[in-house]
Each structure stands twice: as structure tokens, then as C-alpha cells.
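The structure appears right after this line, and notes come after that.
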Amino acid sequence: MKKTAVYVILATAAAVAGCKSQETAEDSKTAEEMVTEVQTNPLLRKSANKHGIESFDKITANDYREAAKAGMAKEKKRIDAIVANSAAPTFENTINAMDKAGEELTRALMTFSPLSSSNSTAELRDLQKEMSPLLSAHSDDIYMNRQLFEKVKKVYDDMDTTALSHEQVKTTEKIYKAFLRSGANLSDADQQKLRELNQKISALQIQFSQNLLHETNNTYITVDRLSDLGGLPEANIQRAAKMAEEQGEKGKWMFNMQRASCNPVLQYCKNRDLRRKVYEAYCNRGNQGNEWDNKSISAELVRLRLERARLMGFKDCASQILDTRMAKTPDAVYSLLDQIWAPAVKKANEEIEDIRTEMKKDGLTCEPEGWDYMYYSERARKAKYDFDEEKMSEYLEINNVLKGVFYTANKLYGVTFKDVTAELPVYEKTANAWEVYDKDSTLLAVFYSDYYPRDGKGAGAWCTSFRGQQYDGDKRVEPVVVNVCSMTPPSADRPALQTIDNVETMFHEFGHALHAFMRDVHYNAVGSVERDFVELPSQINEHWAFEPEVLAVYAKHYKTGEPMPKELLEKYNSCSKYGQGFATVEYLAASYVDMDLHVLTDVPADLDVMAFEAKKLEERGIPRQIRPRYSVTNFKHTMGGGYTAGYYSYIWAEVLDCDAFDAFVETGDIFNQEVAARFRKYVLTPGGIDDGMTMYRNFRGADPKIDGLLRKRGLK
């Protein structure tokens, strides 16, 4: 996931599933009913489409429901068979059997989950709420099954005397530790308590995310007079007029809280009061005292997560979560953040002085506020470096940028792309599909791009999959990978011209896609890497975005087709680090708050998460003009799950990605084939067969250094 985005990680087959009430429902069906269901439900029969991709338009909410129920029932039946097997537990009859047991459920969830995030409807949101407790209970039924755990433990205990491959050893370790982390060793009473906590937490995380989706897409700032939009690019004015017309306000201009809509106002609009309204509306998503308010939900999540951690023997939630991450402990996370905080605040305060200077030119003697930062920072950058980002955007048309993304992948790894949009089912009319071929011309993956904002799509950007890489016997099955973003759409008289940040986002998310394309493992349990390692493949891919050789491929003027002038690129390079004080502080602020909430060992009954956030940041000396990139009530990364006590992962991985890119730079060739081959072999291919630091050392031959990160951000 991009730094401003949400990266959707789907659970593997072994980690998600159903419940006893569902088993009863399945068992009560007649044979005739079940046959009819299989015949009519696209998810209960093999797809006849190319690459086995689902016909998205033919799947109903009830199809998802019934496919998930059937998948849970089948997984339970297979788990019961593993337990009932009287033969001595082995890797094949226990670990591998368990790893493959949830195939049908995984298929249903991996089709449903991406669409529930990018094409959400009221019906799908209701289904999420309905299925969440069932899936949570089903997972608990598996991982709290003492008889199953005894068999898994026997295989684990016998590993040293069993001829297992390295991948099989790691698979066994991961499944065994998953049982421990899921309460297999708890008493019956504590297991019941854990089940209740898991269900409550799951339900609240879904409610938080759905509230935020509504607040992002349905919070509008309306403008009645065109004169109030001075400075805003014409393309953005046109989009705002279109949005107003769609909302029944023809003749006016409206902005919602999707970044593609509201960020241009903050960056370009002269109207300070309008900037204030947009800024406050964006920052206060989930904090407006309405039916979509997330304050009490956030506080309850903090309480429940602490209770769960203590039940599992940890002093706080962060310690429990980090136990399986590269960082290992909260102290290690704080140590990294603290190294960067002071130089970042120093740089941010220098930028604020520049903003004061620019405000005085407008006759403003007041202190800068948060809604002044982007606007006057842009003006200060123009004054210092004579650089105009809007001018640069004229060379960043989205389809051309994608050519640059593909070019970089081809130069590094030899992969090629064939547009097959007309041949494959597409779940959204603006999405496109490609077959991805390896350098030996074998099919590697299928890739979907979904780049434009719309109702029902969450804010930000992420990478997900409709099918993960897997094996069918000895045959590798190609993954089906999706990049979902909210890029600037085309306007009436301009194509989809992108900001610098959007270009970096496209390269970033495609780095995640490359990781998914190239993963080559045989077991679901080793398909994922540590959360603080997962951003390495995405963030390193950003480094090529504005390299001259890559720009020469894609940076063409949208009218003339002329390449980007050398002088414009030089101006960009001279100021590319400007604004990093602000960007780093807002990111670190969110990371600190995420950790601060989850290292609590006692949660007050009246916890006010917004007051807590403000107090903690004031104590650290955050400039008053900067708020966290996400405030608690709209911080989906941590409150929606996925990056709980883990938002630090981006900067942790940035230490890795900057040091890793230096491996290319040191050779004098940013496309050095030997280095690229090592990166693919040791980072992109192994999945979770090794831990992150082992993989990194295998690639780099040494531990990462922080110097590259500080240089990249202009903090050194």
C-alpha cells in the first residue's frame, strides 16, 4: 500500500472460515437443493472463463453468502477427517492437509473481499457484517481444536528427525505458531473468552471501515460561486461541477473527501476559508458526532485488543502483534521513529518559516494553520525553485505513466504485458486487464488495474488479489492481482493527468503486484511475509518513477507528445525533497499515535481517542500546523485492522528500500541485471519461507543502514 493508502491483505485458507450454526444449515439441505445450488452459483463450480476468472456480473450477494457457507462446511469436514485419522501425524496427513482444507472458502472470500472494498454496496456491506462473526467463529473452531493441535504439535516436535524441505519446515512452524497465537493452549473458559473478543473486534473493525467509507464519499463541501475557486485548475473545477450535478446541485461545485477531489483545493485554491472547510472536513471524518462517528468504536477496539493481548500472556497489544514482526518489540519501533522525529520536525519548522513569508505577501500576519500548509508550501516551492507541479502534470498522463511502470518491470525482470481487457471478465468498466509473461515467455500472472475514484470505492490505494499464487499438483497456477487506486480522472477537455504523488503511487502499488506475480511457494501458510517487510517491494519500485531513462518512456506532453523538457526535470530534482519535513512529520505522528494507543496497559473507561492523540503529539513537540496523516477516527490502517500497531511499517521498510536501491546505484546501473536477479530470487520469490531480515541479508549481504532514508527525505 502506498503511504497514503490502504493495502488489502486477505487471510489464507488456513486462517479464515465458518461456524457450527452454519454446519447445521448445510446439513439440513436436501441432496437436490445442494445440486441445484452448485449448478446455479458461479462460485460453487469451476469457472469456464479464460484463466478461471469469475464472471463478476453474474455473482449475487447471496452467491457469496452460500459459497462461503459451503466453503466453511467443506473445510470443517476436512478438518474433522484430519482429527479422525488414526495414522501417526505426518506433514502430509496433517500440515499439508490442513493447509489445503479451505480451498473453496478462500475462493469465495478472495472474490468477495476485493469487490467489497472497491465496489461496495449497501447489500455487500450488510453481508460483511453478517459473515464476520461466522468467519471468526469458524477460524476459532479450527485453531482452538485441541485434538487437531496435538497432531500439529507432534509434527512440529518431530521436525528434526523428519525429512522435510525448508519450505515444509517453515510451513509447519507457521501453522504451529498460529495455533499458539490463537489460544490453543488456553483453558476452555479462556478460549470462550477469546472467541467472544475475536468476534467483537472483527465486527467493530468492519463497522469502523464502513463508517469511514461513508464519511469519505458522502461528506461534501459545496461552493455556490465560481469566484470562490480562484487558483484551482480548470480540470478540477469541471470535476467539481460534475459532482455537484450528480448530487442534484447543478450550477454549483462540490468536493468530497476522496483525495483526488479535496487535495487540489488544499494545494491550489486561493480561498482560505474554503481551504479551511475542506481541511477540517477531511481531518474530522469519523469525528462529527453523527451516526458514522468512530470515536467510541476506536476506544472500544483499544480496550478489547488489550484484553485479548493479556489473555494471550502479553502485557499490551503492541507486544503481542510485534512478536511476529521484524521489529519484534515496541522499543525497537520507537527507537526508529525517534531517530527520524527530531530532524523531521526541524525541517518542518523551516518549511513553516517559508509559509509565513508567503502569507505576508498576501497581507496575512496571522499564524499559519493546517489548511495553509499545502497551498503556501506549493507557492514557496515555486518561489524557491521556479517549479510548477501543475506544469509537470501535463506530462503525466495516466496511460503513459503505466507504460513507464511496465517498462521498468521489463527492464528489471524481463516481464512483458499483453492487454486482454476484451477477453476477460472485468468487474468495473474503467478497469483493464493484462496477461503478464515472464522473460522465458511463460504466463506469470494476470493483472487488473482499477485507477479511478467512484462511489463505493474506499479512499487511497492498495493491491489485492482475486487469486493468490498456488500449485495444482506440479503445475503453478497464475495469480490474479489487482491494483486499486483513486487517481485523478479525465475531465471534459483533458485526459487523466496525474500529480507527482499519484505517479509514485502507481509505481508503489505495482511493486506490490510484482511481489504477488513472482511469489513461488507451494503452501498457503508461507504465502505472506511480515507486515514490516511487505512494503519493501512496493517502496523500492518508487525509486525508478522519475529516473531520466524511465521518464523518457512515459513523460510526454498530453497535447504535443513532446518529451518532458530537461529543464523541467532539473527543476523537479532540485526541489524534490522540499516539503519532506511536513510529509515525514505527519506520517510519524500517525505512527506514534498508533503505537501509543496499543502500548497502553490500562485503558480508561472514558478514553477520548482524539484528546489522547492531541496530548501525545503535543508532548512530542509536533508543530501546531501539522496533524497526523490520519487521525484516529479515520485511521483505517490501525482501527480497521491490518496495520494495527503496524503503521510504522512503511518507514521501517523505507530503511530497507533505500538501502536496497543503493545496491543498484553502487553498480552505476539502476537496471543492473545481476542485482535485479538477486532481488527477485531473495525478496520477491520466496514468500514467507524465510523471515524478512534473513531475506534482506541474503539479497544485500549485510544489514540495512538508515543513511539512505535520511538522504532520500533530505533530513541529512
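A few notes on this one:
- Within straight-line cross-link reach of LYS100, aspartates and glutamates at Cα separation under 13 Å, skipping those fewer than 8 residues along the same chain: GLU75, GLU92, ASP472
- Point-charge dipole on Cβ atoms (K/R +1, D/E -1) for the chain, about Cα centre, debye to 20: 440
- Simple label model, 7 Å out from Cα along Cβ direction - SER296 to ILE500, nm: 4.5
- Region 323-448 - Debye-derived log10 I(q)/I(0), Cα point model, q = 0.11, 0.12, 0.20 Å⁻¹: -0.81, -0.88, -1.02
- Beyond 20 Å in Cα-Cα separation lie the following of the pairs LYS571/LYS712; LYS391/LYS556; LYS69/LYS457: LYS69/LYS457.
- The ASN698 and LYS346 beta-carbon pair, evaluated with R₀ = 41 Å, returns a calculated FRET efficiency of approximately 0.65.
- Acute angle (nearest 10 degrees) that the helix 370-385 long axis makes with the longest principal axis of the chain, alpha-carbon atoms: 60
- Considering every alpha-carbon pair of region 553-623, the percent of pairs per 5 Å bin, from zero through the bin containing the longest distance, is 3, 12, 16, 13, 9, 8, 8, 7, 8, 8, 5, 3, 1.
- Per-residue extension of 0.36 nm, minus the Cα-Cα distance of ASP273 and THR667, leaves a gain of 136.7 nm for this segment.
- Exceedance of the 20 Å cut-off in Cα-Cα distance is limited, within the set LYS384/LYS577; LYS151/LYS177; LYS242/LYS403; LYS361/LYS382; LYS429/LYS475; LYS193/LYS315, to LYS242/LYS403; LYS429/LYS475.
- Backbone N under 20 Å from the THR560 label point (7 Å along Cα→Cβ), restricted to region 386-408: 386-398, 400-401
- Net charge in the neighbourhood of THR216 (other residues with Cβ under 10 Å of its Cβ; Lys, Arg +1, Asp, Glu -1) is +3.
- Once the C-beta distance of ALA88 and ARG181 is scaled by a Förster radius of 22 Å, the resulting FRET efficiency is 0.30 to the nearest 0.05.
- Model label sites at ASP386 and THR40, defined 7 Å from Cα along the beta-carbon direction, differ in position by 7.1 nm.
- Among the listed values [x] 201; [y] 181; [z] 164, the one computed from these coordinates for volume of the Cα convex hull per residue in Å³ is [z].
- Between ASP474 and GLU130, the modelled label-to-label distance comes to 4.5 nm, taking each label 7 Å out from Cα in the direction of the beta carbon.
- Compared with the dominant Cα axis of the chain, that is its longest principal axis, helix 649-665 is turned about 80°.
- Semi-axis lengths, largest first, of the ellipsoid equivalent to region 480-521 are 27, 11, 6 Å, with √(5λ) applied to each eigenvalue of the Cα gyration tensor.
- At full extension, ASP188 and THR416 could sit 76.7 nm farther apart than now, given 0.36 nm per residue minus the alpha carbon distance.
- For region 556-570, putting each phi into the Karplus relation 6.51 cos²θ - 1.76 cosθ + 1.60 with θ = phi - 60° gives couplings of 10, 5, 5, 9, 9, x, 5, x, 4, x, 4, 5, 5, 5, 4 Hz, in residue order, rounded to whole numbers and with x for Gly and Pro.
- Remark: the LYS361-GLU103 segment gains 86.5 nm on full extension, using 0.36 nm per residue and subtracting the alpha carbon distance.
Quick note: the coordinates plus some simple rules give every number you see, no bench work behind them. Note that the structure is predicted; figures quoted are calculated from it, not measured. Please note: Cβ atoms are built from the backbone with ideal geometry, for glycine as well, and neighbour counts cover all protein chains shown.
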